[in-house]
1. Which ones in segment 302-339 are at pLDDT 65 or above and either β-branched (Val, Ile, Thr) or surrounded by 21 or more Cβ atoms within 10 Å (Cβ to Cβ) (or both)?
2. From the list Ser19, Ser6, Ser44, which residue is more than 25 Å from the chain's Cα centre (by Cα) and of a type in the set (Ser, Thr, Tyr)?
3. Of everything in segment 73-103, what is under 27 Å from Val121 (Cβ atoms) and either in a strand (DSSP E or B) or outside the structural domain of Val122 (by TED's automatic domain parsing) (or both)? Give them in sequence order.
4. So, Ser379, is that one buried (at least 17 other Cβ atoms within 10 Å of the Cβ), modelled with pLDDT under 85 and not in a strand (DSSP E or B) or not?
5. Please determine whether any residue of segment 106-113 is touching a Gly at 6+ places or on another chain (Cβ under 6 Å) and either within 24 Å of Asp9 (Cβ to Cβ) or at pLDDT 90 or above (or both).
6. Kindly indicate whether any position in segment 393-407 is crowded, with 19+ Cβ neighbours inside 10 Å, touching a strand residue (DSSP E or B) at 6+ places or on another chain (Cβ under 8 Å) and under 22 Å from Gly36 (Cα atoms).
7. Taking Arg55 as the residue in question, decide whether it is modelled with pLDDT of 85 or more, farther than 30 Å from Leu125 by Cα and not assigned by TED's automatic domain parsing to the domain that holds Pro403.
8. Could you tell me whether segment 62-79 includes any residue that is small (Gly, Ala, Ser) and under 24 Å from the mean Cα position of the chain (by Cα)?
Amino acid sequence: MADRLSALDASFLYVEEESVPMHVGNVAILRRPRSGFDYARLLSLVSRRLAYLPRYRQYVEPVPGHLARPVWVEDGDFDVTYHVRRSALPSPGSDAQLFELVARLLARPLDRDRPLWELYVVEGLADDRVALVTKTHQALVDGTATLDLGQLILDSEAAEPDDDVELSPWPEWTPSSRPGRARLLLDAITESVRRPTEVVDNVRSAARDLTTTAERLFDTAGELATTVRSLVRPAPRSPLNARVSGARVFAGTSVTLDDLREVRRRHGGTINDVVFAVVTSALRQWLLSRGRPLEPTDTVRALAPLAVRGPDDVTFSTISLLDNRVDPCLIDLPVGEPHPVLRLQHIAHAMAEQVRARRSVAARALVRVSGFAPATMYSLAARAASSLSGRLFNVVVVNSPGPQHRLYAGAAPLERIYPVLPLAREQALAVGITSYEGNVYFGLNGDRKALSDITVLAGAVTEAIEELKGTNG
């Protein structure tokens, strides 16, 4: 039987436009080891480990007439060198130059005729560093059978110098034959006999406007989407809601976990509350820098997906993550409140209400899950975001904890990592946040027209934590 995409996976393909690519990404900055780290080594490392991710050698084949959802097909012409690419900055490249390159790379949609992922190694960074930039389509990273490529590239221990991955043999792989039109139609008809209403739905989906199709498909993601639509008022008007263009801007910044803990110790709340208070303060300063007047009651509504346990889950494990869900929680960020501690207290109260309403998963539980990677959480969160109308929120903010021990790609230690979340049609900013080895990293992905001043927002993040540290309760 055909390996068919789920309704939700297929929906990400249906609604994708040239200006709204539906992939998640990461920007990982590595320190080049003495033994070296180059394109050939990375290529061999990826090639050897793709055996653990068979989906990464498959592409999406549509069914004639849209009688059924597309199917996954092994790419008989799979070329790993097409997916693992090489780029470079004029040496010595700065972080600003890297982020400009990232914005251009992540703005381009993935090739639908090939497996839906790309990995760039960017050389020429100052201080003998190298960057890895990943792009993975949300139809590919489903959070269940297929996880993010970075989970297999990064290890907890460095490779020994004599374990040179460049010299390691690539594993042999024999793809299955490509199904013809007749086979695709036969499988579709066979399934339609078992589920006669599905073929009608698929034909209607293909004929409808993309927006209508998206709303219908995303409504099936969970009952929560329908509930929220009926109970929550529209989001406040904001420059963050704009029809996005095909161009992007990206900025990355960081704060230390120790600073966040100090704020928590002095003013209460959780680390997550403090992170959202920092985002709130940064958005406030960004709005003020644009000359936008703010009333004390003004808010920006954030979609802040939370990993939650099912009613029968006592503990949290890899299985419960994969079988679990990420609920789309809406948080009103008090950008109009002038006092930073009061902003934190408002957020802590709102977050506590969400936690009481849901069996949310603690950060330490997420980190303990074997094989868990922030990129998988970002994809699951983006799916949760897609289940809601864009009229209900202004910005997506996803905070996913990462490991506090050092990771390596081969022998190269990972120094920093910035997440890149996709934009929706009318959301000009997505904020991805992760922690790693004592620091918290913010990845700000924005529309180039709506957020040409994204560096102002990035700078406001570091100013926000200093403001919280220097304020008495």
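1. Filtering segment 302-339 for residues at pLDDT 65 or above gives 302-306, 328-339.
Across segment 302-339, the qualifying residues are Ala302, Leu303, Ala304, Pro305, Leu306, Pro328, Cys329, Ile331, Leu333, Pro334, Val335, Glu337.
2. On the way: Ser19 fails: more than 25 Å from the chain's Cα centre (by Cα); Ser6 fails: more than 25 Å from the chain's Cα centre (by Cα).
Result of the check over Ser19, Ser6, Ser44: Ser44.
3. Let us first name the residues in segment 73-103 that are under 27 Å from Val121 (Cβ atoms), namely 74-103.
Glu74, Val84, Arg85, Arg86, Ser87, Ala88, Leu89, Pro90, Ser91, Pro92, Gly93 - these are the residues of segment 73-103 that are under 27 Å from Val121 (Cβ atoms) and either in a strand (DSSP E or B) or outside the structural domain of Val122 (by TED's automatic domain parsing) (or both).
4. Details: buried (at least 17 other Cβ atoms within 10 Å of the Cβ): yes; modelled with pLDDT under 85: yes; not in a strand (DSSP E or B): yes.
Yes; evaluated as a whole, the condition is true for this residue.
5. Step one: of segment 106-113, the residues touching a Gly at 6+ places or on another chain (Cβ under 6 Å) are 106.
Imposing the further condition that a residue be either within 24 Å of Asp9 (Cβ to Cβ) or at pLDDT 90 or above (or both) reduces the set to 106.
Checked against the condition, which is being touching a Gly at 6+ places or on another chain (Cβ under 6 Å) and either within 24 Å of Asp9 (Cβ to Cβ) or at pLDDT 90 or above (or both), segment 106-113 yields at least one hit.
6. yes
7. Considered against the rule, which asks whether it is modelled with pLDDT of 85 or more, farther than 30 Å from Leu125 by Cα and not assigned by TED's automatic domain parsing to the domain that holds Pro403, Arg55 comes out as yes.
8. Residues of segment 62-79 small (Gly, Ala, Ser): 65, 68, 76.
This time we only want the ones that are under 24 Å from the mean Cα position of the chain (by Cα), so: none.
So far as segment 62-79 goes, no, none of its residues is small (Gly, Ala, Ser) and under 24 Å from the mean Cα position of the chain (by Cα).
The values are calculated or read from the model by the stated rules, or taken from the named source; none is laboratory data. On a predicted model such as this, the values are computed, not experimentally measured, just so you know. As a convention, Cβ positions derive from the backbone with ideal geometry for all residues, glycine included, and neighbour counts pool all protein chains shown.
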